[in-house]
Amino acid sequence: MLRGFEGGIKVSRTGALGRREGDARYDEDELGALDLLCNYVALAVQNHTLSQTLSQRVSENLRLMASLHGFYDHTLEAFAAAIDVKHVNIHGHSLRVGRYAAAIGEAMGMGSNEVAGLRSAGYLHDIGKVAVDKRLFGKPTALDPEEFREMADHTVVGHQIVTGIEFPWASIPEIVRWHHERSDGSGYPDGLGMNDVSLPVRIVGLADTFDAMTSERPYRDPCRWADTK
């Protein structure tokens, strides 16, 4: 009885072909064909095993990425809370902007990675305010020109802070810098118009404006459209 060993599979040639009448021997051409078949079978089994291993590793990597994204998100939430700690009237502002921006992105049918980028940018959009004097956040009247410039500079300072950091989302620095730009060019710091800024910048700018208008400030009460009849 002749036997071959291919790809870890031991094959009995005569057993695979079946016994001939009178236990006659198979000729070399028939055994050669079986050798070739063994090679194909072994290759198929090996490819199946590699495919299963690859699928398992991809699944493990995806689970790891999901856990890292969760850690990343929680870390940025902590930063957002720290950004807003200077005054009671803006507590939770950055967290809300991140969540509003993400909700807008989802409603527009954006992919999960784009939505995650919007949420992260919303969390960090005001990071430059860590350099703004705390007294400006509680002022009950309008800011004078010098105070306004100091407050407006948080966009430039924030841009300097986040530029150079390798975020998973490339749009974060421009969102931090331009979220106060306006469609008519009246915004700051660069006086850009609607066509000059990307959609993610406009989304975070909208979320920021909405939360500012619906939140209490020292100089005004929040807007209450839901109460209007």
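The values are calculated or read from the model by the stated rules, or taken from the named source; none is laboratory data. If you're wondering where the values come from, they're calculated on a predicted model, not measured in any experiment. Positions of Cβ are backbone-derived with ideal geometry, glycine not excepted, and every protein chain shown enters the neighbour counts. Note: accessible area is taken over every heavy atom of the protein model, side chains too, but ligands, DNA and RNA are not part of it. Shrake-Rupley method; radii C 1.70, N 1.55, O 1.52, S 1.80 Å.
Observations, loosely collected:
- Scanning the stretch 91-118 for residues that are in contact with an Asp or Glu (Cβ under 7 Å, 6 or more places away or on another chain), farther than 12 Å from Asp208 by Cα and open to solvent by 30 Å² or more (accessible area, probe 1.4 Å) gives a single hit, His91.
- Cβ pairs under 7 Å, 6+ apart, first in the stretch 194-215 and without any contact (Cβ under 8 Å) to a residue 60 or more places away in the chain, second surrounded by fewer than 16 Cβ atoms within 10 Å (Cβ to Cβ) and outside any helix (DSSP H, G or I): Met194/Ser183; Met213/Cys223; Thr214/Pro222; Thr214/Cys223
- Total residues in the stretch 84-110, condition at pLDDT 95 or above and not in a helix (DSSP H, G or I): 3
- Residues located in the stretch 168-191, provided they are under 20 Å from the mean Cα position of the chain (by Cα), surrounded by 16 or more Cβ atoms within 10 Å (Cβ to Cβ) and not in a helix (DSSP H, G or I): Trp169, Ser171, His179
- Total residues in the stretch 140-160 satisfying the condition of being open to solvent by 70 Å² or more (accessible area, probe 1.4 Å) and closer than 30 Å to Asp73 by Cβ: the figure is 1.
- In the stretch 113-139, residue modelled with the lowest pLDDT [restricted to those that are in a loop (DSSP other than H, G, I, E, B) and either touching a strand residue (DSSP E or B) at 6+ places or on another chain (Cβ under 9 Å) or under 22 Å from Glu77 (Cα atoms) (or both)]: Val132
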